[in-house]
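Q: The following block contains the structure, expressed as structure tokens.
The values are calculated or read from the model by the stated rules, or taken from the named source; none is laboratory data. Note that the coordinates shown come from a computational prediction; the quantities given were computed from them, not determined experimentally. Cβ: placed from backbone, ideal geometry, glycine included. Neighbour counts: every protein chain shown. For the accessible areas, the whole protein counts, side chains as well, though only heavy atoms, and no ligand, DNA or RNA atoms are used. Shrake-Rupley method; radii C 1.70, N 1.55, O 1.52, S 1.80 Å.
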Amino acid sequence: MTKLYPFSSHTLRLEKWRYHYLDEGEGETLLMLHGNPTWSFYYRNLILGLKDSYRCVVPDHMGMGKSDKPQDYPYTLSRHIDNLEKLVDHLKLDEITLVVHDWGGAIGMGFAVRHPERIRRLVIFNTAAFLSQEIPLSLRLCRLPGFGALAIRGFNAFARGAIRWACAKPERMTKEVREGYLEPYDNFANRVANLRFVQDIPMDSESPSYNVVQNIEENLILFKNHPVQIIWGAHDFVFNDHFLKRWQEIFPQAEVHRMEDAGHYVVEDAHERILPMMKEFFQENSI
């Protein structure tokens, strides 16, 4: 694990809970935000390839990765945004390049619409930060009362399913990589946020996070003139081309790379090609 994730851990105390983050390198800030059921481990290859020229700040959302996993906690989108806001204030980050994937899109853009003056560029992997009725059957099943808790917390079906299906290149999921993804979610208690993220998907106006996502979507126009890079895994059964098309409608100025041989874990499938794309994008849109 240390070989694949050779980074120094940092923690910010939020109330009585520890919020874990990485802070590697120096230079312009790249704020990288993961989703569910990943953690900062997802970005390890990008950090290793960028930290010589950039400052990579990579938190683990509460309940995820090396952050604490409280059992009685409001695992809502608004709270995750609040936590990120506190980290950014704590580290005094500005001129931020936001790098987002999966739930990191809603969390990151939720922060961004609160503080557009702090955002310099956007790098968008397979994610959403807008309302949609598109949801695969597997996620609908995981939202069912009782069944979802049994599958996700009892059998670890969500995290285990992801390491099987989220990569288009199964050879990338070596034993060590699989263990890395699964390490934080090794028992029923530690999988609490995996379930709560799935339950928080805002499918209707009664959902606690519906209005939050609606507000984010309405304010994405704040970034109509920002440099935006979209790098998209074409073989994603959750964030499919419907979501890519919506991002292109929102940000017609975006530089788009559709990775034909990559899946939902696009960084895992294609980091060797993604790194030069990102470096070129940063240089062409330098501060």
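Q: Can you confirm whether region 175-189 contains a residue that is outside any strand (DSSP E or B) and modelled with pLDDT under 95?
A: The answer is no, given that none of the residues of region 175-189 is outside any strand (DSSP E or B) and modelled with pLDDT under 95.
Q: Okay, moving on. Collect the residues in region 69-88 that are open to solvent by 10 Å² or more (accessible area, probe 1.4 Å), outside any helix (DSSP H, G or I) and among the hydroxyl-bearing types (Ser, Thr, Tyr), keeping them in residue-number order.
A: TYR73, THR76
Q: What residue, among those in region 230-287 that are assigned to a loop (DSSP other than H, G, I, E, B) and within 17 Å of the chain's Cα centre (by Cα), is nearest to ASN45 (Cα to Cα)? Write out each step before concluding.
A: Taking region 230-287 and keeping what is assigned to a loop (DSSP other than H, G, I, E, B), we get 236-240, 251-254, 264-265, 285-287.
In the following step, the residues that additionally are within 17 Å of the chain's Cα centre (by Cα) were identified as 236-240, 264-265.
On the way: ASP236: 20, PHE237: 23, VAL238: 23, PHE239: 22, ASN240: 24, HIS264: 16, TYR265: 12 Å.
By that ranking, first place goes to TYR265.
Q: Look at region 143-199 and say how many of its residues are closer than 23 Å to GLY263 by Cα, open to solvent by less than 30 Å² (accessible area, probe 1.4 Å) and not hydrophobic (A, V, I, L, M, F, W, C).
A: Total meeting the criteria: 7.
Q: Restricting the search to region 89-117, which residues are touching a helix residue (DSSP H, G or I) at 6+ places or on another chain (Cβ under 9 Å) and open to solvent by 30 Å² or more (accessible area, probe 1.4 Å)?
A: Listed by number, the residues that qualify are ASP94, GLU95, TRP103, ARG114, HIS115, PRO116.
Q: A follow-up question, please. Do any residues in region 229-242 that are open to solvent by 50 Å² or more (accessible area, probe 1.4 Å) have Cβ atoms under 8 Å from those of residues that are among the hydroxyl-bearing types (Ser, Thr, Tyr), where the two are at least six apart or on different chains, and which pairs are they?
A: PHE237/SER138; HIS242/SER132
Q: In the set ARG120, ARG44, which member is closer than 20 Å to MET278 by Cα, open to solvent by 20 Å² or more (accessible area, probe 1.4 Å) and not polar (S, T, N, Q)? It would help to see each step written out before you state the result.
A: On the way: ARG44 fails: open to solvent by 20 Å² or more (accessible area, probe 1.4 Å).
When all the criteria are applied, what remains is ARG120.
Q: Just to be sure before I move on: is ILE135 crowded, with 17+ Cβ neighbours inside 10 Å, among the β-branched types (Val, Ile, Thr) and farther than 15 Å from ARG196 by Cα in the structure I sent?
A: Taking the combined requirement at face value, the residue does not satisfy it.
Q: Here's a follow-up. Within region 247-258, which residues are over 17 Å from GLU280 (Cα atoms) and open to solvent by less than 70 Å² (accessible area, probe 1.4 Å)?
A: Once the filter is applied, which keeps residues that are over 17 Å from GLU280 (Cα atoms) and open to solvent by less than 70 Å² (accessible area, probe 1.4 Å), region 247-258 yields TRP247, ILE250, PHE251.
Q: Only one of VAL198, VAL192 is farther than 30 Å from PHE282 by Cα, part of a helix (DSSP H, G or I) and modelled with pLDDT under 95; which?
A: Every option except VAL198 fails the conditions.
Q: Moving on. Give me the pairs, please: first residue somewhere in region 178-196 and in contact (Cβ under 8 Å) with a residue 12 or more places away in the chain and within 9 Å of ARG153 (Cα to Cα), second residue anywhere and of a type in the set (S, T, N, Q) and open to solvent by 20 Å² or more (accessible area, probe 1.4 Å), beta-carbon distance under 6 Å, and either six or more positions apart or on two chains.
A: From region 178-196, the pairs are VAL192/GLN71.
Q: Can you run down the residue pairs with Cβ atoms below 9 Å, 6 or more apart or on separate chains, where the first is in region 252-271 and in contact (Cβ under 8 Å) with a residue 24 or more places away in the chain and the partner is of a type in the set (S, T, N, Q) and open to solvent by 10 Å² or more (accessible area, probe 1.4 Å)?
A: GLN253/ASN225; ALA254/GLN248; VAL256/GLN248; VAL267/ASN45; GLU268/ASN45; HIS271/ASN45
Q: Would you be able to tell me the number of residues in region 152-209 that are among the polar types (S, T, N, Q) and over 19 Å from the mean Cα position of the chain (by Cα)?
A: Counting residues in region 152-209 that are among the polar types (S, T, N, Q) and over 19 Å from the mean Cα position of the chain (by Cα) gives 5.
Q: Which of (1) closer than 20 Å to VAL100 by Cα; (2) of a type in the set (A, V, I, L, M); (3) open to solvent by less than 60 Å² (accessible area, probe 1.4 Å); (4) modelled with pLDDT of 95 or more is the odd one out, the single condition ILE221 does not satisfy?
A: Looking at each condition in turn, ILE221 falls short on (3).
Q: For LYS66, state whether it is open to solvent by 50 Å² or more (accessible area, probe 1.4 Å), in a loop (DSSP other than H, G, I, E, B), touching a residue at least 24 places away in the same chain (Cβ under 8 Å) and out of contact with any strand residue (DSSP E or B) (no Cβ under 9 Å at 6 or more places or on another chain). Step through it out loud before you land on a result.
A: Values: open to solvent by 50 Å² or more (accessible area, probe 1.4 Å): yes; in a loop (DSSP other than H, G, I, E, B): yes; touching a residue at least 24 places away in the same chain (Cβ under 8 Å): yes; out of contact with any strand residue (DSSP E or B) (no Cβ under 9 Å at 6 or more places or on another chain): no.
Against the criterion (open to solvent by 50 Å² or more (accessible area, probe 1.4 Å), in a loop (DSSP other than H, G, I, E, B), touching a residue at least 24 places away in the same chain (Cβ under 8 Å) and out of contact with any strand residue (DSSP E or B) (no Cβ under 9 Å at 6 or more places or on another chain)), LYS66 does not qualify.
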